[in-house]
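> Once you've had a glance at the structure underneath, I'll fire off some questions.
FYI, it's all coordinate maths here, none of it is from the lab. Since this is a predicted model, take the numbers as computed values, not measurements. Cβ placement follows ideal geometry from the backbone for every residue including glycine, while neighbour counts extend to all protein chains displayed.
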Amino acid sequence: MSTSLANRFRLPMAKTLRVIHLVFIFVFVLTSVLFWQQGRLFSHGYQTSQLSHLESVISHIESKAQYKIDILRYLRRVFIEAMDDSLFPVAATVPSAIPDEISDSQLWLRDLPLPETITADRAFHTDDDIQVRQQLFALHRIQGLFPLVTSAKELAADMYYISRDGEFIVSLSPAVNSQLVSSYNPREKQGSFVLASPLLNPRREAFWTRQNIATSHDTLINAAIPVDFRGEWIGLLGIAFENESVQRFLEVALPEDTQSAYQIFDEQLTPLTQAVGALNHYQLSDKQLQTILKMLTQTSRGTLRDGSVFITFGKVIGTHSVLISTQTLSQGLHEDFGRFSVLLVTMWVICVLLLLGSHSVICRLVLNMGNLQREMQHHALHDDLTGALNRRGFFEKTSQISPDYVDYTLVQLDLDHFKKVNDVYGHQVGDNVLVHATQRIQRAVRSQDILGRIGGEEFCIFLPNSDLKAGIMVATRIKWELESSPLLLDDGTQLQITASLGVAAYSELPECSLEQIQSLADMRMYTAKQRGRNQVCWQDDGVSQA
């Protein structure tokens with residue numbers, strides 16, 4: 001098919017396909033944006049859900065911690081009232097005056113590891129000695145209230161009292177007594193005695209601390225409150241929680257069927273408990289911990305996504321601790337939002353596949369329609385037998401391109417005695433003669449020359465950018481190609497093929513149209529026939545070339 005005819009259909013087809021591509025791209029982008037927006041809603045809902053779960057656990061911890069602090073405040077008030085009790089003996093030199101039911105109680109008394117500590121064998125002669133006796137007397141009086149703290153099922157703890165002047169410690173548990181002595185350091189910056197001093201705690205409020213037990217990796221978490229008697233700081237009431245107790249309490253506080261791992265840290269994000277819940281064995285890196293610390297300076301709650309792990313964190317108000325939960329991607333997929341997210345991604349993939357499938361089918365239909373249209377156009381403009389342009393196609397194409405050339409030449413050709421061939425050998429041989437002649441003509445012309453079968457055995461050749469002399473040379477070459485290449489028949493005989501040719505150039509009649517020049521070439525072709533056939537005629541006076 002010629003280039004012009006191909007372009008005639010290729011360009012509109014390309015525009016149609018371009019519009020289809022743009023439409024499908026727009027639909028794809030719009031669909032993806034809608035799914036992305038829905039995904040953002042799911043992501044926001046997931047973050048809210050994780051924060052809600054964390055808030056629930058923090059609220060449970062804070063309520064229990066506040067309950068313990070309220071007990072401490074109550075015990076402090078009862079303790080101070082007991083020190084002012086009139087039953088306490090005035091004479092400091094008579095230690096036996098303490099009632100037997102009080103002195104034989106199960107309170108454990110132990111010296112703190114400081115020099116010149118007061119022991120049970122030391123006589124009480126000074127005012128400080130009397131105050132120590134008053135503290136011991138009061139502690140024996142209020143020990144019946146200690147089970148308010150120690151008998152809790154959810155968060156087991158041990159009650160203790162540390163004397164500031166006497167440097168002794170009293171508790172119900174010898175094990176906790178020993179652990180407190182091992183972890184006692186009054187000069188530690190975050191230690192109980194530093195935080196209980198009037199300088200740092202002028203309002204005498206309760207506070208939380210963490211004490212590391214010497215020669216072990218265990219930690220005691222303490223809730224403590226300073227005790228002042230008659231305007232003087234005399235000691236410290238506290239509640240000690242072991243890590244295992246806090247960890248068991250954290251397990252109870254978790255939401256049912258949780259898919260996250262929870263862990264309590266101190267203010268410097270040092271772990272206080274082991275992870276509980278849906279364990280994923282994920283360890284927070286130093287970089288992640290530093291990021292969380294930085295975020296906690298601006299907000300008390302927050303979330304952090306690092307790769308396939310989602311981290312939720314929040315301060316436990318009043319306890320100087322931080323609760324952190326971690327959830328891996330596989331754990332998140334077991335929650336409602338995870339399942340919804342998988343469903344959303346699946347729907348998006350299905351939608352994209354449907355779009356791609358529809359796009360492919362529509363493009364294929366358009367291409368098939370274009371190919372069918374080009375094929376129909378090809379049959380409309382070409383001769384089915386020889387493949388050359390038919391009369392309509394020849395004049396349509398040549399009329400389009402002839403104005404682009406300064407000069408051109410037409411060669412009109414008619415096969416000699418073709419009717420006789422049909423009568424003698426039949427139409428099948430006649431068709432073979434036409435095909436054979438077309439092939440020989442195409443061998444004799446240039447690639448830019450246009451060949452058309454404009455009648456039964458008549459052909460016309462359009463020679464662009466050629467004058468009459470060049471046309472005569474091409475016509476002579478065509479004549480020689482035909483007569484030198486006979487057609488071999490089925491019985492082995494050869495059928496000689498000749499033609500009569502007429503040549504006319506645009507330079508001869510520059511004011512005439514293409515059809516008029518073709519008529520002139522046709523007249524000269526008939527002149528060649530009248531002169532004996534198998535020759536070329538290019539002048540009206542009958543001069544020809546054999």
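> What ³J(HN,Hα) values, in whole Hz, does the Karplus curve 6.51 cos²θ - 1.76 cosθ + 1.60 give for region 526-536 when θ = phi - 60°, with x put for Gly and Pro?
5, 4, 4, 5, 5, 7, x, 6, 6, 7, 10
> Taking the Cβ of each residue in F313, F35, F168 as the centre, tally the other Cβ atoms inside 10 Å and list the residues starting with the fewest.
Values: F313 27, F35 17, F168 21.
Going from sparsest to densest Cβ surroundings: F35, F168, F313.
> Could you give the dipole magnitude of region 300-442 about its Cα centre, charging the beta-carbon of Lys and Arg +1 and that of Asp and Glu -1, in debye to the nearest 20? Walk me through the intermediate numbers first.
Numbers: 12 positive and 13 negative charges, 163 e Å.
Roughly 780 debye for region 300-442.
> Could you state the orientation-averaged shadow area of the convex hull built on the Cα atoms of region 391-545, in nm² to one decimal? Could you put the intermediate results ahead of the total?
On the way: hull surface 35.1 nm².
Taking a quarter of the hull surface, the average projection is 8.8 nm².
> At 1.567 mPa s and 4 °C, plugging the Kirkwood radius over alpha-carbon pairs of region 430-510 into Stokes-Einstein gives what diffusion coefficient in µm²/s? Mind dumping the intermediate values first?
Working: Rh = 13.6 Å.
The diffusion coefficient I find is 95 µm²/s.
> Oh, and also: Any lysines with Cα under 27 Å of the K15 Cα? List them, leaving off those in the same chain fewer than 8 positions away.
Within the straight-line limit of under 27 Å, K15 reaches these lysines: K397.
> Show the residues, 5+ positions off or on another chain, whose built amide H is closer than 5 Å to the amide H of R164.
Hits under the 5 Å cutoff: G235, L236.
> Hey, another quick one. Stokes-Einstein diffusion coefficient for region 246-307 at 4 °C in a medium of 1.567 mPa s, Rh from the Kirkwood formula over Cα pairs: what value in µm²/s?
Details: Rh = 12.9 Å.
Diffusion coefficient, whole number: 101 µm²/s.
> Find which of Q268, L284, S300 sits farthest along the positive direction of the dipole of region 262-322, computed with +1 on the beta-carbon of Lys and Arg, -1 on that of Asp and Glu, about the Cα centre.
Of the listed residues, the answer is S300.
> Arrange the following residues from fewest to most other Cβ atoms within 10 Å of their Cβ: R230, R446, R133. Don't skip to the end; give the middle numbers.
Numbers: R230 9, R446 13, R133 20.
Going from least to most buried by this count: R230, R446, R133.
> In the structure shown, do any of K419/K469; K420/K479; K64/K315; K68/K315 have a Cα-Cα gap over 21 Å, and if so which?
Details: K419/K469 31 Å; K420/K479 19 Å; K64/K315 15 Å; K68/K315 18 Å.
Pairs exceeding 21 Å: K419/K469.
> Now for a different question. Taking the beta-carbon count within 10 Å as an exposure proxy, list D158, D266, D85 from fewest neighbours to most. Please report the intermediate quantities before stating the final value.
Values: D158 22, D266 18, D85 11.
Least crowded to most crowded, the residues run D85, D266, D158.
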